[in-house]
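K.L.:
Shown below is the structure under consideration.
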Amino acid sequence: MCRHSVYNNRHLVGAYQERLVQDTDAIDRTILSILSREARIPMKSLAGRIGLSRSATTERVNRLEKAGIIRGYRADIGQLDDGQIQAFLLVTLKRTPSIGVLDRLAGFSAVRKVSSVSGQLDLVVEVEVGSINALNELRNEVSTMDNVEDLTTSIVLRRDIERS
């Protein structure tokens, strides 16, 4: 499959997800709110809290999962003082879309999140590494990618507010 086809498929999936997000109602948003705080809540309890039957609630949750709005359930581990360094790589691209860069970033185990943003930047890349040297090596790798015009790094000193 050529890269153009991959982009088109991603674009179609994104358009489908965008339409589904627009089709969510207040009950779906309540489900998402509850699950974002209590991912392990039993379906029966969730149904009781939103005022639907268990089967109707299960259908809604399944639809949200299938659409990619709910992407998973995970333990949210707080920041440990284990020597790990968290940082943001603030990337400006020469041109968009950024698919080639995104594919390369996905290959780095240190990359935790990548967000496409509006404004002067194009991407915010959240990374976690074991040392300043590892951060510098990652910075060098990213800054030499063909489509990267500029890269700024901000190291996280402390997380003052964090919500899941």
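Only the coordinates and a few stated rules stand behind these numbers; no lab work does. Computed from a predicted model, the values in this text were never measured in an experiment. Note: ideal-geometry Cβ built from the backbone for every residue, glycine included; neighbour counts use all protein chains shown.
K.L.:
Working only within segment 92-136, note down all residues that are among the β-branched types (Val, Ile, Thr) and either farther than 20 Å from Asp146 by Cα or in contact with a Leu (Cβ under 9 Å, 6 or more places away or on another chain) (or both).
P.N.:
Of everything in segment 92-136, those that are among the β-branched types (Val, Ile, Thr) and either farther than 20 Å from Asp146 by Cα or in contact with a Leu (Cβ under 9 Å, 6 or more places away or on another chain) (or both) turn out to be Thr92, Val101, Val111, Val114, Val117, Val124, Val125, Val127, Val129, Ile132.
K.L.:
Somewhere in segment 63-85, is a residue in contact with a strand residue (DSSP E or B) (Cβ under 7 Å, 6 or more places away or on another chain) and either of a type in the set (Asp, Glu) or part of a strand (DSSP E or B) (or both)?
P.N.:
Yes, the conditions are met somewhere in segment 63-85.
K.L.:
Moving to a separate point now. Mind checking whether some residue in segment 123-146 is surrounded by 17 or more Cβ atoms within 10 Å (Cβ to Cβ), over 20 Å from the mean Cα position of the chain (by Cα) and in a strand (DSSP E or B)?
P.N.:
Checked against the condition, which is being surrounded by 17 or more Cβ atoms within 10 Å (Cβ to Cβ), over 20 Å from the mean Cα position of the chain (by Cα) and in a strand (DSSP E or B), segment 123-146 yields no hits at all.
K.L.:
Looking for whichever is exposed (fewer than 11 other Cβ atoms within 10 Å of the Cβ) and either basic (Lys, Arg) or on the phi < 0 side of the Ramachandran plot (or both) here; the options are Ala56, Ala26. Which one fits? Talk me through it step by step, then tell me what you get.
P.N.:
Details: Ala56 fails: exposed (fewer than 11 other Cβ atoms within 10 Å of the Cβ).
That would be Ala26, the only listed residue that is exposed (fewer than 11 other Cβ atoms within 10 Å of the Cβ) and either basic (Lys, Arg) or on the phi < 0 side of the Ramachandran plot (or both).
K.L.:
Right, next: Among the residues of segment 90-101, are any without any contact (Cβ under 8 Å) to a residue 24 or more places away in the chain and either charged (D, E, K, R) or part of a loop (DSSP other than H, G, I, E, B) (or both)? Before the answer, list the steps.
P.N.:
Looking only at segment 90-101, we keep the residues that are without any contact (Cβ under 8 Å) to a residue 24 or more places away in the chain, and these are none.
No: zero hits.
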